[in-house]
Structures are given as structure tokens and as C-alpha cells.
Amino acid sequence: MRTALLSAAAGVGLFLAGTALTLAQSASQSQPGGASLRPVSSFSNITNQRDRSVALFNEMGKVLTHPRCMNCHPATERPRQGDMRKLHEPLVVRGKDGHGAVGLPCTACHGKQNYDPARIPGDGHWALAPASMAWEGKTVAQICEQLKDQNRNGSRDLAALVKHVTTDTLVLWGWHPGRGREPAPGTAAEFGALMQAWADTGAACPAS
């Protein structure tokens with residue numbers, strides 16, 4: 001009897017160890033994405049600096065207009081969800097500071113990380129972007145001007161914008177959105193490099 005119990009315990013231990021290893025390996029891998037992003041080097045043949053800057057931002061637009069970004073930059077008081085960008089269910093609203101209404105904050109459902117069994121996304125500061133940074137329904141050119149406007153972007157200069165998109169965990173979540181959601185195009189590093197190159201070339205915006 002004792003031998004059987006010891007064998008069973010050893011089996012459970014091996015199972016738990018294997019499960020822990022699998023989880024650790026999964027966490028260290030990037031979630032496969034959909035669309036790709038062109039590398040900064042592919043724009044070097046555009047000799048006119050302004051034209052190159054515009055081209056770089058148009059490439060960035062693939063990310064900025066993707067559901068992973070657009071869902072949290074809504075034009076209304078309600079966020080969107082999913083790749084189809086449907087209105088959030090259950091009904092929730094922005095609230096005073098973008099963290100939901102009193103009595104029903106974002107953190108009532110959204111934790112510090114994705115909870116894939118229930119397909120609930122999460123991050124340590126899950127929230128909507130400020131209403132001044134609503135992108136829904138706008139063109140890439142309009143979003144570009146909005147990004148640069150320090151009266152609307154949280155008083156960020158270009159260096160601060162680059163830092164924001166390369167270090168903010170909620171922005172980076174867009175490339176690791178969890179089960180059932182398509183990641184933003186490319187990788188976070190590629191997007192950060194594009195934004196840095198755009199800033200370095202004068203941060204020009206598309207004409208339309």
C-alpha cells in the first residue's frame with residue numbers, strides 16, 4: 001500500500017513539474033501574429049526625407065488602426081472588443097478616468113494578465129485611452145496629427161511617444177493579446193523602430 005502511494009505521489013509530482021515547464025515555455029514564446037511590418041531598412045531607398053517619414057508612418061498605421069489598438073481608442077464612451085470590434089459586452093462605459101464607471105471598474109473583470117480559460121484579456125493598468133486620443137473613425141493622417149498634438153496626447157514630445165509605445169505594458173499587450181485575438185501586426189520591437197525612424201526623419205504626416 002505504501003509503495004503504491006509513493007508511486008502515485010511521484011507520478012503527480014512529475015505531472016505538476018511537466019505542467020509547470022510547459023507553462024514556462026509558453027510564456028517565453030511570442031504569440032503568432034497575422035500581418036507583418038516592413039523593417040525600417042526597407043525605406044532607405046526613399047531619398048526625400050519627408051516622403052520617407054510619411055511612408056514610415058503609413059506603415060505604423062497598420063498597427064494604429066488594428067483592433068488591438070482601435071478597440072481601446074473608441075470615439076464613444078464604450079470600448080470595443082474582439083477582432084470584429086463589436087461593442088463591449090457586458091455594457092461598460094469609460095468612466096471619469098478611463099477605468100470604468102463607479103461600481104463597475106475595468107478591474108472587476110480584467111486582471112493583471114490574460115485569463116485564457118475564460119478568454120478575458122488583462123494587464124496591470126487596463127483602461128481606455130483618454131477621449132482626446134480617440135482614433136475610431138479617423139484617417140491615418142488625422143491620427144498622425146493627433147499623436148503629435150501635445151494638447152491631446154498627454155503632453156508627450158516625440159521622445160516620450162517613442163518611450164510610451166516601447167515600454168507601456170498595455171501597448172505591448174497588443175502583441176500578446178491571448179487566446180482568440182489576433183495580435184497587432186509585426187512585433188513590438190519592429191513598431192518601436194518604425195516610430196523612432198519616423199521621429200528621426202521629422203515626424204511628417206500623410207497629406208490625407
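Quick look at the numbers
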quantity	calculated
Cut-off 19 Å (backbone N to label point 7 Å along Cα→Cβ of R119), residues of region 77-96	79-92
Euclidean distance between Cα centres, region 61-103 to region 136-184, Å	14
Cross-link partners of K96 among aspartates and glutamates (Cα-Cα below 16 Å; sequence separation of 8 or more within a chain)	E77
Contour minus Cα-Cα distance for T76 and Q49 (0.36 nm per residue)	6.1 nm
Simple label model, 7 Å out from Cα along Cβ direction - D168 to S132, nm	1.3
Extension gain (nm, one decimal) between L91 and S42, 0.36 nm per residue minus Cα-Cα	13.3 nm
Sequence of E77, E182 once ranked by neighbouring C-beta atoms within 10 Å, starting from the fewest	E77, E182
Radius ratio Rg over Rh of region 37-200, counting only Cα atoms, Kirkwood formula for Rh	0.98
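Every number in this text was worked out from the coordinates using simple rules, so none of it is lab data. Everything quoted here is computed from the prediction, not taken from an experiment. All Cβ positions, even for glycine, are placed from backbone atoms using ideal geometry, and neighbour counts span all protein chains on display.
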